[in-house]
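Structure first, then comments.
The values are calculated or read from the model by the stated rules, or taken from the named source; none is laboratory data. Everything numeric in this text was worked out from a predicted model, so none of it was measured. A quick note on method: Cβ atoms are made from the backbone with ideal geometry, for glycine too, and the neighbour counts reach across all protein chains shown.
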Amino acid sequence: MEAVHHTTEAKAKRVPSDDNISMRDVARELLEDAKGDQVAAQAAMVRMAFAVVRHPSPLLRELVTYAVAELFRSGIRTKRHVIWHGERDTVQPEDHRRRVTALASGNLMMFPLPGGKPLGRALGKEVSAAADTFEAQSADMRIKARWFRLIVKAVGPNQYVSDVLNEKRLEKMKAEAHNG
């Protein structure tokens, strides 16, 4: 792990000078160098960003940190989607980049866990934790869906929720959805 940390640190100290390089490419490279450790890759990218700013304000630090985290989350969601659903049917033979993506999409071992680590490089206990995470998210989404269905019953299709319901009623509906 020390070697991975060292490689990622070295990359964080150099700032890409090519104007054509995308932040997604840098994030992907840092994530590969960190062997799928999203936290280390994100921290390296934040350090890289501040290598060019002398005295960042706390607000700027927070914005950059949030933007980098969202960049990684977005990349992982996209990667999961491609791996899970594939893109084989949309590939044109002359489009090499899409062909490579399509080939990679068939490799479920590359499916990213919530922290970004590829499934094939995960321990059983990490996969169990990922299953717990996805299960908790799905349970939460089911409750929210029930809550929205209760709201729809009370609000007409052309009415604003705030014109029909108040906070107290929404709380009651939320509790009903949670118990539902």
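Summary of values
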item: Count of residues meeting criterion [loosely packed, with under 13 Cβ neighbours inside 10 Å and of a type in the set (A, V, I, L, M)] in the stretch 162-180; result: 2
item: Contacts under 9 angstrom Cβ, first residue in the stretch 44-65 being more than 21 Å from residue 33 (Cα to Cα) and surrounded by fewer than 16 Cβ atoms within 10 Å (Cβ to Cβ), partner modelled with pLDDT under 85 and among the β-branched types (Val, Ile, Thr), 6 or more apart; result: 52/15; 60/53
item: Residue check, residue 115 in the same structural domain as residue 40 (by TED's automatic domain parsing), surrounded by 11 or more Cβ atoms within 10 Å (Cβ to Cβ), at pLDDT below 95 and not in a helix (DSSP H, G or I); result: yes
item: Test: residue in the stretch 146-156 that is surrounded by fewer than 11 Cβ atoms within 10 Å (Cβ to Cβ) and either acidic (Asp, Glu) or in a loop (DSSP other than H, G, I, E, B) (or both); result: yes
